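Visitor: Sharing a structure here in structure tokens format.
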Amino acid sequence: MTDYKNLKLIATSNPHIRGSETTRSIMLDVIVAMVPALVWAVLVFGLKALTLTAVSVIACVFFEWLYRVLMKKPQSVGDLSAVVTGMLLALISPVTINYWMIIIGDFFAIIVVKQLFGGIGKNFINPALAGRAFLVGSYAGAMTSWWNPAVGKAPLFGTPEIDSFATPMSYLKNGDLESLKGLYGIKEMFLGQHGGSMGEISALLLLIGGVYLIWRKVINWQTPVAYIGTVAVISFLFPKAGTGLEWMLYSVFGGGLMLGAFFMATDYATSPVTKKGQLIFGIGCGLFTVFIRYFGSYNEGVCYSIMVMNCCTALIDKYTKPTRFGIVKSDKKEAAVK
């Protein structure tokens, strides 16, 4: 017979169920998923895409290391989250920006948005998106000047003298679908044979990276499917030009929708934890993206739509949390029901 009175009860803090995944392994999967898009950026834009990404990664790692040293906090650069932020910020930037500009964006993303709020898991806005928004506000000209891959590779150093190259999103913003179709077909848009930010041009490779993350169970399908699906449905129902199908395909394959849906809207710290909340989050991102593209002054709406929904994450989690069984209603609530 067991002597229950002499049993020792050990109380520990959560989590009580542990898995083999770590922050480092998750971030490593995200890095692997972004590699195809980075390789394609190097092939399309030249070696500048690789060096710019390397500078961004090194700067993010350095700023995180320096902050933790100065604040005498445990070092966290080994979890690779700073590497992911550096890669993302580079991939959502034009290949033509100066190296010192991307370093400033890295500082804002790591120090201001991430570390000042407590580090990984405590920031309420995606650091890479916030860094890009900061760069757009500070250096709008550089962040909206796009390199035309048809004229060759971007130079490694210096500010290139480029013409005002219109990206597919510029044509869609003006409703000029016929001119866009004359430059790029659906195939070119899907494969990434056009200009834009470094890592957002190939919908195919971003889709492969996203499927890899879902297969590895790093992310759930709810947010990206709801996000892309919302943009697709609204674009199909309310085309600004051409047929609904054509407008939808160009809207989905153009801009940063794929990159944002798979790699930034699914950020653990800034997106809902419940499945229902992730669906709502994705739908909200899709609605804001289309609204900004249709009615805003900016050609693209992915960056700001995700950041707006980041601010709503806590509220979404609050109203989508699952029912807790075995909880007794308060006397006040019971009295109100009576």
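The values are calculated or read from the model by the stated rules, or taken from the named source; none is laboratory data. The model shown is predicted, which means the values in this text are computed figures rather than measured ones. Don't worry about glycine lacking a Cβ; one is built from the backbone with ideal geometry, like all the others, and counts go over all protein chains shown. Please note that ligands, DNA and RNA were not included when accessible areas were found on the heavy atoms of the full protein model with its side chains. Shrake-Rupley method; radii C 1.70, N 1.55, O 1.52, S 1.80 Å.
Visitor: So with the 1.4 Å probe, I'd like the accessible area per residue for the stretch 33-138, rounded to whole Å². Walk me through the intermediate numbers first.
Guide: Working: 3870 Å² over 106 residues.
Solvent-accessible surface per residue comes out at 37 Å².
Visitor: So how do L66, L259 rank on accessible area, 1.4 Å probe, biggest first, that is with the largest at the start? Each step should come with its number before you reach the end.
Guide: Details: L66 60, L259 0 Å².
The most accessible residue leads, giving L66, L259.
Visitor: While we're here: Once Rh for the chain is found with the Kirkwood sum over Cα pairs, what is the Stokes-Einstein diffusion coefficient at 4 °C and 1.567 mPa s, in µm²/s?
Guide: Answer from the Stokes-Einstein relation: 61 µm²/s.
Visitor: What residue among C311, C285, C60 has the largest mean-square fluctuation in a Gaussian network model of the chain, using Cα springs under 10 Å?
Guide: Greatest mean-square fluctuation among the candidates belongs to C311.
Visitor: Considering the chain as a Gaussian network with a 10 Å cut-off on Cα pairs, which listed residue, L177, L89, L206, attains the greatest mean-square fluctuation?
Guide: Checking each option, the largest mean-square fluctuation is seen for L177.
Visitor: Follow-up question, since we're still on this one. Would you calculate the separation in nanometres between label points at Y139 and Y298, each defined as 7 Å from the Cα along the Cα-to-beta-carbon direction?
Guide: About 1.7 nm separates the two model spin labels.
Visitor: Shifting gears a bit: With every protein chain in place, what's the accessible area of L180 (1.4 Å probe, Å², nearest 10)?
Guide: In the full protein context, L180 sits at about 0 Å².
Visitor: Which value in Å is the Kirkwood Rh of the stretch 115-201 over different Cα pairs? Mind dumping the intermediate values first?
Guide: Numbers: mean 1/r = 0.0647 Å⁻¹.
For the stretch 115-201, inverting the mean 1/r across all distinct Cα pairs yields 15.4 Å.
Visitor: At 1.4 Å probe size, with no ligands or nucleic acids counted, give the accessible surface of Y250 in Å², nearest ten.
Guide: 10
Visitor: Given a 1.4 angstrom probe, I'd like the percentage of the accessible area of the chain that is carbon and sulfur, rounded to a whole number. Intermediate values should be presented prior to the final figure.
Guide: On the way: 11490 of 17320 Å².
Carbon and sulfur atoms account for 66 percent of the accessible area of the chain.
Visitor: Next up: Once you have the Cα-Cα distance between V273 and K240, take 0.36 nm times their residue separation minus that, and quote the gain in nm to one decimal.
Guide: Details: separation 33, 0.36 × 33 = 11.88 nm, distance 3.52 nm.
Extra length from V273 to K240 when fully extended: 8.4 nm.
Visitor: Under 13 Å from the Cβ of I234, count the other residues' Cβ atoms, weight Lys and Arg +1, Asp and Glu -1, and hand me the total.
Guide: Once all neighbours under 13 Å are counted, the net charge is +2.
Visitor: Convex hull volume of the Cα atoms in the stretch 196-333, per residue, in Å³?
Guide: Values: hull volume 19.2 nm³, N = 138.
Enclosed volume per residue, from the Cα hull, is 139 Å³.
Visitor: Return one number: the angle in degrees, 0 to 90 and rounded to the nearest 10, between the long axis of the Cα atoms of helix 23-45 and the longest principal axis of the Cα atoms of the chain.
Guide: Once rounded, the angle reads 0 degrees.
Visitor: Could you give the angle, 0 to 90 degrees to the nearest 10, between helix 222-237's Cα long axis and the longest principal axis of the Cα atoms of the chain?
Guide: Taking the Cα atoms of the chain, the angle to 222-237 is about 40 degrees.
Visitor: Considering just Cα atoms, how many Å³ per residue does the convex hull of the stretch 251-291 enclose? Mind dumping the intermediate values first?
Guide: Details: hull volume 2.6 nm³, N = 41.
Here the figure is 64 Å³ per residue.
Visitor: Go through the stretch 191-202 residue by residue and turn each phi into a ³J(HN,Hα) via Karplus (6.51, -1.76, 1.60, θ = phi - 60°); whole Hz please, and just put x for glycine and proline.
Guide: Rounded to whole hertz, the list is 7, x, 9, 7, x, x, 5, 4, x, 10, 7, 9.
Visitor: Tell me, what is the FRET efficiency for V151 and N174 to the nearest 0.05, using R0 = 22 angstrom and their Cβ-Cβ distance as r? All intermediate terms of the calculation are to be shown ahead of the outcome.
Guide: Working: r = 23 Å, r/R0 = 1.03.
E(calc), rounded to 0.05, equals 0.45.
Visitor: Which of V44, V151, V83 moves the most in a Gaussian network model of the chain with Cα springs under 10 Å?
Guide: V151
Visitor: Let me ask something else. Quote to one decimal, in nm, the extra length available between L47 and K122 on full extension: 0.36 nm per residue of separation minus the C-alpha distance between them. Before the final figure, lay out the partial values.
Guide: Values: separation 75, 0.36 × 75 = 27.00 nm, distance 3.49 nm.
Working it through step by step, the gained length comes to 23.5 nm.
Visitor: Taking +1 at the Cβ of each Lys and Arg and -1 at the Cβ of each Asp and Glu, which of S145, N123, G175 sits farthest along the dipole of the chain towards its positive end, judged by Cα position relative to the Cα centre?
Guide: So the residue we want is N123.
Visitor: A further question follows. How far is the Cα center of the stretch 188-202 from the Cα center of the stretch 22-41, in Å?
Guide: Computed from Cα coordinates, the inter-centre distance equals 18 Å.
Visitor: Could I ask something else about it? What ³J(HN,Hα) values, in whole Hz, does the Karplus curve 6.51 cos²θ - 1.76 cosθ + 1.60 give for the stretch 99-111 when θ = phi - 60°, with x put for Gly and Pro?
Guide: For the stretch 99-111, the Karplus curve yields 5, 5, 5, 5, 5, 5, x, 5, 4, 5, 5, 7, 6 Hz.
Visitor: How large is the helix-only mean residue ellipticity at 222 nm for the chain, computed as the sum of -39500 (n - 2.57) over DSSP H runs with n ≥ 4, divided by its residue count, in deg cm²/dmol to the nearest 500? Let's see the in-between values first.
Guide: Numbers: 16 runs with 186 residues, N = 338.
Using -39500 (n - 2.57) per qualifying helix, the result is -17000 deg cm²/dmol.
Visitor: Given charges of +1 on the Cβ of Lys and Arg and -1 on the Cβ of Asp and Glu, with all other atoms neutral, how large is the dipole of the chain about its Cα centre, in debye to the nearest 20?
Guide: Numbers: 28 positive and 18 negative charges, 307 e Å.
With Lys and Arg at +1 and Asp and Glu at -1, about 1480 debye.
Visitor: Still on this structure, please answer the following. Hey, rough spin-label estimate for Y319 and V211, points 7 angstrom out along Cα→Cβ, what's it come to in nanometres?
Guide: Placing both labels 7 Å beyond Cα along the Cβ direction yields 3.6 nm.
Visitor: I need the phi-derived Karplus couplings for the stretch 142-149: 6.51 cos²θ - 1.76 cosθ + 1.60, θ = phi - 60°, integer Hz, Gly and Pro marked x.
Guide: My calculation for the stretch 142-149 gives 5, 7, 10, 9, 10, 7, 8, x Hz in order.
Visitor: So for the pair L183, V35, with labels modelled 7 Å out along Cα→Cβ, what separation do we get in nm?
Guide: 3.3
Visitor: Can you grab the distance from the C-alpha centre of the stretch 77-107 to the C-alpha centre of the stretch 204-264, Å, no decimals?
Guide: If you average the Cα positions of each part, the centres end up 23 Å apart.
Visitor: Which angle from 0 to 90°, rounded to the nearest 10, does the C-alpha axis of helix 244-253 make with the longest principal axis of the chain?
Guide: Computed tilt is about 80 degrees.
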